[in-house]
Amino acid sequence: MPDSAPEVVVRIGSHAEKDYILKLARYFDGLIVGANLFEATPAATASLLYAVKAKDTKVYLDPMTYAFGAYVDPKTKFVRTDLDWIKSEQAVKDNKGKKKTVRDFKRSYRQLSEAIGSPLTGAVDEGRAILPETMVSKREKSEFCRRTSEYQLNRIGSEFEKDEQLKQFLQFAPKPAATFAPYFYVEPTYTSEWLKFNLELMRISAELKLGHPTHGILCADISHLKDAAIRKHILAEIPKTGVDGIWLWFSGFFENTAEESTLVGYRDLVQGLALKMEVHAMHGGFLSLALSKYGMRGVSHGVGYGEQKDVVPVIGQSTPTVRYYLPPVAQRLGVPDIERSFDAMGINTPNDFHEKICDCPVCKGVVAESLRSFSSFGEMHRSRPEAKRLSQTPSAAKRCRFHFLLSRIKERDFLRASSIDDIVKALEEASSTWGDQPTLKSSATHLTRWSSVIKAE
Ligand SMILES: [Zn+2]
């Protein structure tokens, strides 16, 4: 059974997250940046990458080509090929100088399409998604794969060259640890065509032999993960493409709510692929990290969310509260729900808290004098005087995020040092203690599923 030391790769979602990245990057194994974010703010992103560059911190540039493919509208559930989700309302002046609002491609995606070229530019010009049948000739596909790889290898350095201040550090410009083949969402109504197309893009990219590891991204759907025949197909076909690594992303897959059979399928897929290549979870949590015992090489996720991610996010939702990540349960929970279980869990002093919940520097700082100060992780306010609802204060959200990231580092270190038995024991213990608390019970049912998946009996 392959057992690898799991790596944690943090995904930078926006420049608002700069603080977390600058402070903690050296404790993580890698950073991944979406090419759309890079194109939105190239100089700022390049200098951020330079600032966090540590000897062993890996860097990845996600080419985000799936954004130019078909997607399922999260509201209507219909398949859309109009690329609308990468557009936004923009103020422009008409030829008489009058201001008006038009819906057009976001600048970042337009720039990305220009940087990679065809077929992305064609998709933007026509306002139509790339489909498996868009590119017919092998030459077109090869060109696309070559430019996508070259983009990742050279884009950061080219920004260093352009920028007066960064220019002098050109030789230190980070290079990605691996380049990703272009990829598209395996939209479930057209599964076999999309799969074939993605596998072909992986194979052609691997054949380029750029002297750099080539990885594929399997961006599929939860229904594919649940389907034994599709899992078998993926397991057989991905290794044939010759890629050195694969990043798994199943839209709609939630580690904590998925049924046990789905989790077993996921584990078997990881284990099978890991015999042939590096396997990573594109948006994973504790369970994916624990599957390092079955060969999972690494897990990536955002600074506060993103342990699971749908291919197309629902737009217009209000900013959710950042809940407190309860380390023994490996789950984000509401602060009052956690507080209500303190008594039964024998947590009466800050010391008890640090012993039984978390002793990271943030928690030591917040829960210092009194256990009551734990509530500041859930501190609420009116963001504007006229706001109808209370929302979490930015500093409470920040505390929750820092604590989460520090917990993740601890989890990684725990998993590296533990056997399967140790992990199972920790999960079972958490289930019979925390999982038995009335306010937490319904959010802790994953613990028993996870332990049996990891136990593999
Ligand atoms: Zn903590």
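Here are the numbers for this structure:
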| read-out | value |
| --- | --- |
| With eigenvalues of the C-alpha gyration tensor scaled by 5 and rooted, region 338-421, Å | 28, 17, 11 |
| Sequence of 231, 297 when ordered by accessible area, the most exposed leading, probe 1.4 angstrom | 297, 231 |
| Nearest-20 debye value, region 24-181 charge dipole, Cβ charges on Lys, Arg, Asp, Glu | 320 debye |
| Region 257-284-region 61-100 distance, computed between alpha-carbon centres (Å) | 32 Å |
| Region 323-428: trypsin sites (Lys or Arg not before Pro) falling in loop per DSSP and having at most 12 other Cβ within 10 Å | 382, 388, 389 |
| Rounded percent of accessible protein surface that carbon and sulfur make up, the chain, 1.4 Å probe | 50 percent |
| Shape metrics for region 286-401, restricted to C-alpha atoms - Rg then Dmax, Å | 16.4, 52 |
| Convex hull per residue volume in Å³, alpha carbons only, for region 70-197 | 164 Å³ |
| Evaluated over region 237-305, the Cα radius of gyration and Dmax, each in Å | 11.7, 36 |
| Rounded FRET efficiency, nearest 0.05, which uses the C-beta distance separating residue 417 from residue 441 and R0 of 41 Å | 0.85 |
| All lysines inside 17 Å of residue 167 as judged from Cα atoms, apart from same-chain residues fewer than 8 positions distant | 53, 175 |
| Charged-residue dipole, Cβ positions (Lys, Arg, Asp, Glu), the chain about Cα centre, Debye nearest 20 | 1240 debye |
| Theoretical FRET efficiency, 1/(1+(r/R0)^6), r = Cβ-Cβ of residue 364 and residue 99, R0 56 Å, to 0.05 | 0.60 |
| Length-normalised contact order of region 400-457 in % [C-alpha pairs under 8 Å, at least 6 apart] | 33 percent |
| Additional length obtainable on full extension of the chain from residue 128 to residue 410, 0.36 nm per residue less Cα span | 97.0 nm |
| Cleavage-rule hits, GluC sites (Glu not before Pro), region 225-299, DSSP coil, Cβ neighbours within 10 Å at most 10 | 259 |
| Near-label residues of region 59-73 by backbone N, under 20 Å of a point 7 Å along Cα→Cβ of residue 162 | 60-65 |
| Mean accessible surface per residue for the chain, computed with a 1.4 Å probe while every protein chain stays in place, in Å² | 45 Å² |
| Nitroxide proxy distance, nm - points 7 Å out along Cα→Cβ at residue 456 and residue 80 | 4.2 nm |
| Estimated FRET transfer efficiency (residue 257, residue 73; beta-carbon r; R0 22 Å; 0.05) | 0.45 |
| Translational diffusion coefficient (Stokes-Einstein; Kirkwood radius from C-alpha pairs) of the chain at 25 °C, 0.890 mPa s, in µm²/s | 105 µm²/s |
| Rounded Å value of the spacing that divides the Cα centres of region 3-56 and region 189-207 | 29 Å |
| Long pairs among 209/240; 141/232; 364/410; 293/455, criterion Cα-Cα beyond 20 Å | 141/232 |
| Of 254, 220, 59, farthest towards positive along the dipole that unit charges on Lys, Arg, Asp, Glu beta carbons give the chain | 59 |
| Close Lys-Lys pairs in region 63-109, where close means Cα under 21 Å and separation is 8 or more or interchain | 7 |
| Length released on extending from residue 233 to residue 143, taking residue separation times 0.36 nm less the Cα-Cα span | 29.7 nm |
| Length-normalised contact order of region 1-139 in % [C-alpha pairs under 8 Å, at least 6 apart] | 19 percent |
| Counting DSSP beta bridges with both ends in the chain, the antiparallel % (nearest 5) | 35 percent |
| Inter-label distance for residue 384 and residue 175, nm, one decimal - labels placed 7 Å from Cα along Cα-to-Cβ | 5.0 nm |
| Size-normalised alpha-carbon gyration radius of region 1-118, reference 2.2 N^0.38 Å | 1.36 |
| Label-point separation in nm, residue 19 to residue 89, each point 7 Å along Cα→Cβ | 3.0 nm |
| Relative contact order (%) - criterion: Cα under 8 Å, at least six apart; region: the chain | 15 percent |
| Positive minus negative residues near residue 193 (Lys, Arg vs Asp, Glu; Cβ under 13 Å) | -2 |
| Evaluated at q = 0.10, 0.17 Å⁻¹: base-10 log I(q)/I(0), Debye formula over Cα of region 144-292 | -0.40, -0.94 |
| Two-decimal log10 I(q)/I(0) for region 210-347, as the Debye equation yields it once each C-alpha is a single scatterer, q = 0.10, 0.14, 0.15 Å⁻¹ | -0.40, -0.71, -0.80 |
| Gain on full stretching of the segment that runs from residue 44 to residue 448 - 0.36 nm per residue minus C-alpha separation | 141.0 nm |
| Counting DSSP beta bridges with both ends in region 271-403, the antiparallel % (nearest 5) | 60 percent |
| Low-density loop positions, GluC sites (Glu not before Pro), region 109-145 - DSSP coil, at most 14 other Cβ in 10 Å | 133 |
| Rg followed by Dmax, in Å, when region 370-457 is reduced to its Cα trace | 17.6, 56 |
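The values are calculated or read from the model by the stated rules, or taken from the named source; none is laboratory data. Keep in mind that this is a model prediction, so the values were computed, not measured. Cβ sites come from the backbone with ideal geometry, for glycine too, and all protein chains shown count toward neighbours. Surface areas here come from the heavy atoms of the whole protein model, side chains and all, with no ligands, DNA or RNA. Shrake-Rupley method; radii C 1.70, N 1.55, O 1.52, S 1.80 Å.
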